[in-house]
There are 2 protein chains.
Amino acid sequence: MSTVVDLDALRVSVTRQGAQVRDLKQKGAVAESVKEAVDQLKKLKLELETQTALQGPAKDGLSKSDKKALDDLLLRKMFVVPSFEIYGGVGGFYDFGPPACALKSNLLQFWRRHFVFADKLLEVECTNLMPEVVLKTSGHVDRFTDLMVKCTKSGECYRADKLLEDHVENYLDKHTNLSQEEREKHEIHATMAESYSPEEIRAVFQEYGIKAPGTGADLSSPIPFNLMFKCAIGPEGGMVGYLRPETAQGIFLNFRRLLEYNAGKVPFGCAQIGNAFRNEISPRAGLLRVREFQQAEIEFFVNPKDKSHAKFSTVKDLELPLLTKTNQLTHGKAVQMTCGNAVEQGVIANESLAYYLARTYLFCKAIGIDMERLRFRQHLDTEMAHYATDCWDLEIKLSSGWVECAGHADRSCYDLSVHAKKSNVEMVGTHKFDKPEKRQIVEIKPNKGKMGRTFKADVATILEALQALTDDVARAQAFEDELAFQGRGDAWATMVSEEKFVPSVIEPSFGIGRLLTAVFEHNFSTREGDQKRGVMSFSPHIAPIKVSVLPLSNNPAFDPFAAELERLFVEEGLECKVDTSSVAIGRKYARADELGIPFGVTIDFDTVKDRDVTLRERDSTVQVRVPMDAIGAEVSKLVRGSASWEQILERYPKVTAVAE
Amino acid sequence: MSTVVDLDALRVSVTRQGAQVRDLKQKGAVAESVKEAVDQLKKLKLELETQTALQGPAKDGLSKSDKKALDDLLLRKMFVVPSFEIYGGVGGFYDFGPPACALKSNLLQFWRRHFVFADKLLEVECTNLMPEVVLKTSGHVDRFTDLMVKCTKSGECYRADKLLEDHVENYLDKHTNLSQEEREKHEIHATMAESYSPEEIRAVFQEYGIKAPGTGADLSSPIPFNLMFKCAIGPEGGMVGYLRPETAQGIFLNFRRLLEYNAGKVPFGCAQIGNAFRNEISPRAGLLRVREFQQAEIEFFVNPKDKSHAKFSTVKDLELPLLTKTNQLTHGKAVQMTCGNAVEQGVIANESLAYYLARTYLFCKAIGIDMERLRFRQHLDTEMAHYATDCWDLEIKLSSGWVECAGHADRSCYDLSVHAKKSNVEMVGTHKFDKPEKRQIVEIKPNKGKMGRTFKADVATILEALQALTDDVARAQAFEDELAFQGRGDAWATMVSEEKFVPSVIEPSFGIGRLLTAVFEHNFSTREGDQKRGVMSFSPHIAPIKVSVLPLSNNPAFDPFAAELERLFVEEGLECKVDTSSVAIGRKYARADELGIPFGVTIDFDTVKDRDVTLRERDSTVQVRVPMDAIGAEVSKLVRGSASWEQILERYPKVTAVAE
């Protein structure tokens, strides 16, 4: 195997090169250097693609045919179906059918217990529609955009960068006799397409005389297209509203009341489960990129000077698969590291962030994610928002590759600061000292007369800027200019018993549709050698239906037993499904397997005689014989996890295997 | 008390008169007769209002001061707060804070168990955004409107009918010397305002020369304003979408897949819990009329020829408070009637509808609604949508009067029919006969030549209409015209084993915000003589927090006990709240009462000695002494309803009452 290229090493090269490209772009490097770096990146990506194909599919992923079988099952059993299907559907919208609805409800209930209940987080439910001021302040109105051009004839819209890339490609295909230098001049435009400003890309469009595909008509100037859905609120139509693109903002807006609810104490966390909406230009099939989706988010507010977590000791020794930013640029492999070590060595920025990585890890384990196909990938420095200090994505390996299913970001105090500034509502926590501490205070006493003579009309602006200085050193500096001030303000020492701070925010944010996709893919298999017999191995506590009741045939003698079993399970609070159809028992098992029902109870002719039933475990297909009077309690224990299948095997006689 | 006017009788008169007004309007009666009927209605309403005021507030409702105390509590304890509060809020939008979030989650979980789980309903979760075709077909694009006029200067919008009413009132105030006949001519315009068409109201506006209030500028022509929020879907902006005004449509769109999921069998029901959006012109304070709200709806599909319900026998003997349409027009009182009698006597149209009334009744009882302030009010014939056959509102008496909190409508086959027609997708159930039945079949065999000569260009239209005839009698009739047809089509008898039908839909639909408001109002009280000590008597199974842990003081000796209790309750799966603040125990009880925590466990100095704690029941404030080792299990049993407080009182010594 010495000739096999190391894929991990290749991935590292791609990552490093990608980081370099972003770095060059951010620094505003000359287009030629960017082009060179991008070319190298393209080469590396191609190589990685080729080598991945050569070495075959990942051994742990779904095969192509299994993926097809899964997609077929999800649709056929009404887990996930296209919305408005009878009208042809609309890209990026999906409905959840009965089994997925129950699965999602169970998953969210468990999320709530695991995160909210266990850590006594607060919870809010805010509106989906929000007035413009909220999302203008958060930055979404300005930043949540792609550049669009519009055909002046048909009105059809195009992403400007994609159009430019296509145009350059066509141009070069048609003009094969260009010099190398000329070719590169054109290629640069394609390379830079994504990072051009509206003015820049407009100039390039004019240079090429790019027209609308299809019609050949003129194109409008490039305009930024915001991915938020916009509506008018109220009858006047003058109030602009947006469907929220994330649930987080509602929590920030309620910070003051939440703080009060928490008796004024920081740290505290607040969760929200709800919908978010993004008007994606190219939604993908399935739940990975949709226009309406569900999020479960936590905003954990901490003192920026102390991001320790009270329960960190409970996860300190837990090992996590961490793909650090350093590793992404060296060997490209995730390494196992305990939370304690990761924080100590500065790999994870602080305890609170590490605590939530650990909780997420345990959550994934409990909902049946394959822990061999999960990692936490740290954002590279070039990747993070300017205000963020450390970010880790939960990535799960799916058939389409590693997919981000949750994010964990230390967003610093950005959101609270901008909303506080815009709304003029103070959003601070208070740190009470154990005993009063000595502080230097500098007070600004401007000499307005002197200032007026010197600065004239600018006095008001300067005074405002001076008053806004919060840093004592900066304030002291302002006094250096004796011309403007009455004299140097004396710094004096005073005793203070508390200090105010704008809390930092640690944000674990889960995409529920993506997590469900992961649960589907990691729990799907087909029975040996039979592509048509799909099995969903959902963990019993999130399975949509817990137990099936399966009479061997539709013989009326079985009916009273089926009714009795149903009553038993309803009393135990277990969702059950009775299959009284006339199909063979093997077909009934297959149906139950497709819905991921973990346990099946069969009624046969012996049941009529001795009141014993057969209990079947879905994944092993092993069956035992259990008395009717014990079956309710036993299945209940199995579902709630207070008994294991091994214990059942010890207690009840195994049924000699019958080919299903 | 012989001088006291019978309010119920007065209400009957108002109802009868209201029905007559609607009837006149629907029949297109001359404006004078409508005016006369409306005047009489106004007189009766005034009399009712005066008499109600004279006889004082309803003895069972909240007093004004208690209502104020409740509103204050809901805001202060962050049950329900205005959304975007730091930016001044927007009418009709509210956020749920931590206690209401948990309460709502518990209520919805219970709704799901009570309706979905117990009756094995299917469940779906569809998108909030829907393309225009869906809501155009359902009728919402055309019907969900109010008439608006717009100021040509300021752009401000007004409801045309309200503006006209105000104008007439002002006009009459200023022109006191009009003859009776002239006055009435003007009054008619105000009376008819609500029912004018855009053209009619425009003519009246011109007649009066009505200008915009404030600016005095010209007004636009009246245009219908749709209450749905409109957005563009996709980057092109050409696809119109709406936020759904009800969750029901998503279920209808999925009918075919749901039917298949249910193995092709009708009846079956499908539920959906989700948001709905209405751009109300005048939202009210509180959760009663908001722009974004949550619904829980069931669509129960039945054979229109057989609306019996398999589980009807389980509710047959349950007595319901029914305010029938007859009673609304006679004595105005709700009467107690068993479901069985109501269906037998034709008071409730069918078993399926009655079954759901009964289930709703039991649901309300379980969530703590005062059953003395609840009734089912039947829609008058003039009130129902044209396609509906019988409707019953669940009405709950709140401080603002009787409020509709859920509807139960037999919507016949309207929705499925219109969607099937528009989408060309067949939406039918199949009724398989026990044995084949004889049917008369009439086949249409048009003589196209003859028809062409007679009808010329209209032949295609006539053929289409003929083929669409489903009723055999109508088809036979079509053959009467021998001119157009080859001859009378012979009707012949054939044996059929099944027949197709478009299912009727029974729809129970709950407004969650309104139900929560009812839960708040019916469970709020103040401790005797102390307006400031509010108590929320939530039923333990929906209470947001189940138990409070209250150390007598912040003495460190209590800390390990508080921690132990918290651990115990978490293990039992019980939401608990530990109050380690330094306030007096009475204050701690008061705080717990405001959040509706049903049980409180106090740690005192005796606990340190003998490991016994005090267990307090919220509503009676009675306390017993329970050993620490038993407290987890006992509270768990109380919350889950497997033990009563009376049983606890029998088993444990009562603590001598201390004034709280």
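The table that follows gives values for the structure above.
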read-out: Residue B:322 at pLDDT below 95 and not basic (Lys, Arg); value: no
read-out: Any pair with Cβ under 8 angstrom, 6 or more apart, that starts in region A:629-651 at a residue that is closer than 16 Å to residue A:575 by Cβ and ends at one that is of a type outside the set (A, V, I, L, M, F, W, C) and loosely packed, with under 13 Cβ neighbours inside 10 Å; value: A:632/A:571; A:636/A:573; A:638/A:644
read-out: Selection from region A:257-276 of residues that are out of contact with any Gly (no Cβ under 8 Å at 6 or more places or on another chain) and facing chain B (nearest Cβ under 7 Å); value: A:263, A:275
read-out: Condition broken by residue A:136, with the remaining ones in (1) out of contact with any helix residue (DSSP H, G or I) (no Cβ under 8 Å at 6 or more places or on another chain); (2) within 11 Å of chain B (Cβ to nearest Cβ); (3) closer than 18 Å to residue A:277 by Cβ satisfied; value: (1)
read-out: Which listed residue, of A:409, A:420, is surrounded by 17 or more Cβ atoms within 10 Å (Cβ to Cβ) and assigned to a helix (DSSP H, G or I); value: A:420
read-out: Test: residue in region B:308-321 that is away from every other protein chain (no Cβ under 14 Å), surrounded by 22 or more Cβ atoms within 10 Å (Cβ to Cβ), in contact (Cβ under 8 Å) with a residue 24 or more places away in the chain and not aliphatic (A, V, I, L, M); value: yes
read-out: Odd one out for residue A:17 among (1) in a helix (DSSP H, G or I); (2) touching a residue at least 24 places away in the same chain (Cβ under 8 Å); (3) away from every other protein chain (no Cβ under 14 Å); (4) within 29 Å of residue A:526 (Cβ to Cβ); value: (4)
read-out: Conditions (1) under 30 Å from residue B:578 (Cβ atoms); (2) surrounded by fewer than 18 Cβ atoms within 10 Å (Cβ to Cβ); number of the one not met by residue A:105; value: (2)
read-out: In region B:393-436, the residues that are touching a strand residue (DSSP E or B) at 6+ places or on another chain (Cβ under 9 Å) and within 14 Å of chain A (Cβ to nearest Cβ); value: B:415, B:416, B:426, B:428, B:432
read-out: Within region B:197-255, tally of residues that are at pLDDT below 90 and among the hydroxyl-bearing types (Ser, Thr, Tyr); value: 1
read-out: Candidate set from region A:144-167 (those that are more than 12 Å from chain B (Cβ to nearest Cβ), crowded, with 20+ Cβ neighbours inside 10 Å and among the hydrophobic types (A, V, I, L, M, F, W, C)); member that is nearest to residue A:244 (Cα to Cα); value: A:163
read-out: Cβ-Cβ under 9 Å pairs, at least 6 apart or on other chains, region A:175-196 side in a loop (DSSP other than H, G, I, E, B), far side small (Gly, Ala, Ser); value: A:196/A:160; A:196/A:203
read-out: Test: residue A:62 is part of a helix (DSSP H, G or I), among the hydrophobic types (A, V, I, L, M, F, W, C), closer than 26 Å to residue A:295 by Cβ and more than 9 Å from chain B (Cβ to nearest Cβ); value: no
read-out: Region B:379-400 residues that are basic (Lys, Arg), paired with ones that are not in a strand (DSSP E or B) (beta carbon under 6 Å, 6 or more apart); value: B:397/B:373
read-out: Conditions (1) under 30 Å from residue B:271 (Cα atoms); (2) in contact with a strand residue (DSSP E or B) (Cβ under 7 Å, 6 or more places away or on another chain): number failed by residue B:133; value: (2)
read-out: Residue satisfying condition, being within 12 Å of residue A:550 (Cα to Cα), free of Cβ contacts under 8 Å to residues at least 40 places away in the same chain and among the acidic types (Asp, Glu), within set A:579, A:612; value: A:579
read-out: Hits in region B:66-85 - residues which are under 24 Å from residue B:523 (Cα atoms), of a type in the set (Asp, Glu) and within 9 Å of chain A (Cβ to nearest Cβ); value: none
read-out: Where a residue in region B:528-555 is farther than 16 Å from residue B:639 by Cβ and its partner, wherever it lies, is among the aromatic types (Phe, Trp, Tyr), with Cβ under 7 Å and at least six apart; value: B:534/B:524; B:551/B:558; B:552/B:558
read-out: Filtered residues of region B:86-100 (kept if within 7 Å of chain A (Cβ to nearest Cβ) and either without any contact (Cβ under 8 Å) to a residue 12 or more places away in the chain or assigned to a loop (DSSP other than H, G, I, E, B) (or both)); value: B:86, B:87, B:90, B:93, B:97
read-out: Matching residues in region B:415-435 - criterion: being touching a helix residue (DSSP H, G or I) at 6+ places or on another chain (Cβ under 9 Å) and either of a type in the set (Lys, Arg) or under 23 Å from residue B:360 (Cβ atoms) (or both); value: B:415, B:421, B:422
read-out: Among the candidates B:553, B:644, B:581, residue that is among the small types (Gly, Ala, Ser), surrounded by fewer than 20 Cβ atoms within 10 Å (Cβ to Cβ) and closer than 21 Å to residue B:368 by Cα; value: B:644
read-out: Test set (1) more than 30 Å from residue B:189 (Cβ to Cβ); (2) more than 10 Å from chain A (Cβ to nearest Cβ); (3) surrounded by 16 or more Cβ atoms within 10 Å (Cβ to Cβ) - residue B:130 fails condition number; value: (2)
read-out: Residue in region A:609-627 that is among the aliphatic types (A, V, I, L, M), out of contact with any strand residue (DSSP E or B) (no Cβ under 9 Å at 6 or more places or on another chain) and within 18 Å of residue A:570 (Cα to Cα) present; value: no
read-out: Residues within region A:352-405 that are closer than 12 Å to residue A:515 by Cα and buried (at least 17 other Cβ atoms within 10 Å of the Cβ), tallied; value: 14
read-out: Count of residues meeting criterion [at the interface with chain A (Cβ under 8 Å from one of its Cβ atoms) and touching a residue at least 24 places away in the same chain (Cβ under 8 Å)] in region B:101-126; value: 9
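The values are calculated or read from the model by the stated rules, or taken from the named source; none is laboratory data. Computed from a prediction, not measured in an experiment: that's the story for all the values here. Every residue, glycine among them, receives a Cβ derived from its backbone with ideal geometry; neighbour counts consider all protein chains shown.
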